[in-house]
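*Asks:* Sharing a structure with you now.
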Amino acid sequence: MKDLFIHIRGAVMATLVLSLVCCGLYPLVVFGLAQAAFRDKANGSLIVDGSGKVLGSRLIGQGFTAEKYFHSRPSAAGNGYDPTSSGGSNLGPTSQKLNDSIKDRVTAYRAENGLAETVMVPADAVTASSSGLDPHISPRNAELQASRVAKARGLDLPTVSALIKAHTDGPDLGILGEPGVNVLELNLALDAAANPKTK
């Protein structure tokens, strides 16, 4: 019986020590290091205006529909870009529903951007990302929307193209992935260009 209580006491002590280390000390150390070394990223890479209002995150996309804005890629996360419902549509390449929706999106994309039937539409313009939260579109997608945005804002095309280039992120570490245009940052830059006082 004495040996049993010794084992129980050892198990209880091990549980208490591990709980203290794993559920208290370790998270605090990681939190402290993240705040010290990567404060912006650890806090969600938030984009804040001059008055301190949070406009969004550079890591989570937002839906834009107005002609004067660049449009994000489609999202299957909740009602679109819902971070609490991150995920894809789970429709596979043999799904008729997926094929029909892509055809509809291609038609709508060409119509809203004044493109000819022969213009190839980038895949990211008509398909959702696996998370449904991707904040980037491809440079080609942005280029095809540039004329519409420039016309809606009364800007010349070279000005809009320069903003696209300025908000294009290169591949990670210079080699991983493809370049992408951050839609929220680009649209905010367009708003700032239209209203210089907000810069």
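Every read-out reported here was derived from the displayed coordinates using simple, explicitly stated rules and does not represent laboratory data. Nothing here was measured: the structure is a model prediction, and the numbers come from that model. When we count neighbours, we look across all protein chains shown, and the Cβ atoms used for this are built from the backbone with ideal geometry, even at glycine.
*Asks:* Counting other C-beta atoms within 10 Å, which of Ile137, Ile164, Ile175 has the fewest, and how do the rest follow? Display every interim value, and only then the final one.
*Replies:* On the way: Ile137 25, Ile164 20, Ile175 7.
Going from least to most buried by this count: Ile175, Ile164, Ile137.
*Asks:* Still on this structure: Run the count for the chain, please: Lys pairs, Cα-Cα under 18 angstrom, 8 or more apart or on different chains.
*Replies:* So the count works out to 5.
*Asks:* Would you work out if the stretch 1-75 is rounded, prolate or oblate? Take a ≥ b ≥ c from the square roots of the eigenvalues of the alpha-carbon gyration tensor; rounded if a/c is under 1.5, else prolate when a/b is larger than b/c, oblate otherwise. If you can, show how the numbers build up before the last one.
*Replies:* Values: a/c = 6.23, a/b = 3.07, b/c = 2.03.
Verdict is prolate for the stretch 1-75.
*Asks:* Then there's this: Modelling each spin label as a point 7 Å along the Cα-to-Cβ direction, I'd like the Asp169/Ala152 distance in nm, to one decimal.
*Replies:* According to this spin-label approximation, the distance is 2.3 nm.
*Asks:* Now a separate question. Below 8 Å between Cα atoms, with a sequence gap of 6+, how large is the relative contact order for the chain in percent?
*Replies:* Computed value for the chain: 19 percent relative contact order.
*Asks:* Rounding to the nearest 20 debye, state how big the charge dipole of the stretch 45-198 is about its Cα centre with +1 on each Lys and Arg Cβ and -1 on each Asp and Glu Cβ.
*Replies:* 280 debye
*Asks:* Follow-up question, since we're still on this one. Which value results when the Cα radius of gyration for the chain is divided by 2.2 N^0.38 Å?
*Replies:* The reported ratio for this selection is 1.45.
*Asks:* With an 8 Å Cα cut-off and a minimum separation of 6 or more residues, compute the relative contact order for the stretch 1-71 in percent.
*Replies:* This gives 13 percent for the stretch 1-71.
*Asks:* Note down the nm distance, to one decimal, between modelled labels 7 Å out along Cα→Cβ at Lys97 and at Glu112.
*Replies:* It works out to 2.2 nm between the two label points.
*Asks:* Taking the Cα centre of the chain as the origin and placing charges on Cβ (Lys, Arg +1; Asp, Glu -1), which of Pro122, Ser75, Leu18 is farthest toward the positive end of the dipole?
*Replies:* In the chain, that residue is Leu18.
*Asks:* Moving on. Please compute one quarter of the surface area of the Cα convex hull for the stretch 92-199 and express it in square nanometres. Intermediate values should be presented prior to the final figure.
*Replies:* Numbers: hull surface 34.0 nm².
Answer in nm², one decimal: 8.5.
*Asks:* Now a separate question. Using label points projected 7 Å from each Cα along Cα→Cβ, tell me how many nm separate Gln35 and Leu55, to one decimal.
*Replies:* 2.7 nm
*Asks:* To continue, here is another question. Which of the three applies to the stretch 64-143, rounded, prolate or oblate, going by the alpha-carbon gyration tensor with a ≥ b ≥ c and a/c under 1.5 meaning rounded?
*Replies:* Verdict is oblate for the stretch 64-143.
*Asks:* Could you please report the charge total around Pro179, scoring K, R as +1 and D, E as -1 over all other residues with beta-carbon less than 11 angstrom from its beta-carbon?
*Replies:* Around Pro179, the charge tally is -1.
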